[in-house]
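The values are calculated or read from the model by the stated rules, or taken from the named source; none is laboratory data. What you see is a predicted model; the values in this text were computed from it and never measured. Here the Cβ positions follow ideal geometry from the backbone for every residue, glycine too, while neighbour counts run over all protein chains shown. When the accessible area is computed, the model is the full protein with side chains, heavy atoms only, and any ligands, DNA or RNA have been set aside. Shrake-Rupley method; radii C 1.70, N 1.55, O 1.52, S 1.80 Å.
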Amino acid sequence: MEMEGRRREVVVSSLQFACSDDISTNVATAERLVREAHAKGANIVLIQELFEGFYFCQAQREDFFQRAKPYKNHPTISRMQNLAKELGVVIPVSFFEEANNAHYNSIAIIDADGTDLGIYRKSHIPDGPGYQEKFYFNPGDTGFKVFQTKFAKIGVAICWDQWFPEAARAMVLQGAEILFYPTAIGSEPQDQGLDSRDHWRRVMQGHAGANVVPLVASNRIGKEIIETEHGPSQITFYGTSFIAGPTGEIVAEADDKSEAVLVAQFDLEKIKSKRQSWGVFRDRRPDLYKVLLTMDGNL
């Protein structure tokens, strides 16, 4: 009976806001919303991807490499470490990393006592109109990682990573109890009629349901115009940040225009029992999955 009554509650939060192209303004906004999430009881707070400024990957510009900073002594990470320690919350911090001659789309995981638990570097790098990340970012070399925080063992991946079920499965196989995806996604400059928000959400809801874990997604809002070599490029980011439960159900969601602080509470022990009893990890057949190691499906 004692085992049946054991609980491990965690409150997660997803933030959503419009970015300016001023670092101090955006970091102040992020801090304000982290404090709001903490006031709502949040233990782990997710800030959106590359929140220090505009999503600059609409253009291929040499001068934008100046936005990158080394991981060590990064000023925004240091500030978020102080905030995490003050509030007792976990904060994944997205940043543009300079590592000698390499550059990465990275995220540092800050534990509730302010400790930096390490970084994950974005593995899948997109390249398309408005989202020309291959110009700036090397493919991440960390592999998919799991971080033991005060409140839960978490897996954190970044934006384009969220379209790949292999990434979600790899993190949960390593023990992730909750998945987090900071994002910057919106309209398509080459096709104003294309709206991927529902597709975007359904794919991640599938990750939650297939792996029987909660999932937290944070996206930005607002219109951002970047001068490119071909003239101005514009993306309207569609927000719709959300938190999904372990069957893929939406338990909290934002709209496409408003600043938001979403929160949801989960009992990780109850979800663990559900995950174990559902059998999706018991019945896996890794010996049959070698085709996944190929590019063309031929062994």
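Selection of segment 113-136 for residues being within 27 Å of Ile225 (Cα to Cα) and either assigned to a strand (DSSP E or B) or out of contact with any Asp or Glu (no Cβ under 9 Å at 6 or more places or on another chain) (or both) yields Arg121, Asp127, Gly128, Tyr131, Gln132, Tyr136. A residue that is under 13 Å from the mean Cα position of the chain (by Cα), over 26 Å from Val212 (Cβ atoms) and without any contact (Cβ under 8 Å) to a residue 60 or more places away in the chain occurs somewhere in segment 113-126. Condition (residue is buried (at least 23 other Cβ atoms within 10 Å of the Cβ), of a type outside the set (D, E, K, R), at pLDDT 95 or above and part of a helix (DSSP H, G or I)) applied to segment 144-157: is it met by at least one residue? Within segment 144-157 (the criterion being buried (at least 23 other Cβ atoms within 10 Å of the Cβ), of a type outside the set (D, E, K, R), at pLDDT 95 or above and part of a helix (DSSP H, G or I)), the answer is no, since none of the residues qualifies. Taken over segment 6-59, residues that are closer than 23 Å to Glu86 by Cα, in a strand (DSSP E or B) and among the small types (Gly, Ala, Ser) amount to 2. Among the criteria (1) over 20 Å from Val11 (Cβ atoms); (2) at pLDDT 95 or above, the one Leu117 does not fulfil is (1). For segment 191-203, indicate whether the set of residues that are open to solvent by less than 10 Å² (accessible area, probe 1.4 Å) and in a helix (DSSP H, G or I) is non-empty. Within segment 191-203 (the criterion being open to solvent by less than 10 Å² (accessible area, probe 1.4 Å) and in a helix (DSSP H, G or I)), the answer is yes, since at least one residue qualifies.
What pairs come out if I take residues in segment 187-216 that are in contact (Cβ under 8 Å) with a residue 40 or more places away in the chain and pair them with residues that are part of a helix (DSSP H, G or I) and basic (Lys, Arg) whose C-beta lies under 6 Å away, six or more apart or interchain? Filtered contacts from segment 187-216: Val212/Lys274; Val212/Arg275.
Go through the residues of segment 81-97 one by one and say whether even a single one is surrounded by fewer than 18 Cβ atoms within 10 Å (Cβ to Cβ), of a type in the set (D, E, K, R), part of a loop (DSSP other than H, G, I, E, B) and at pLDDT 95 or above. Looking through segment 81-97, none of the residues is surrounded by fewer than 18 Cβ atoms within 10 Å (Cβ to Cβ), of a type in the set (D, E, K, R), part of a loop (DSSP other than H, G, I, E, B) and at pLDDT 95 or above.
With respect to Thr236, is the statement that it is polar (S, T, N, Q) and on the phi > 0 side of the Ramachandran plot true? Answer is no for this residue. Residues that are open to solvent by 20 Å² or more (accessible area, probe 1.4 Å) number at least 2 in the following strands (runs of 3 or more DSSP E) confined to segment 216-277: 221-228, 231-238, 250-253, 260-267.
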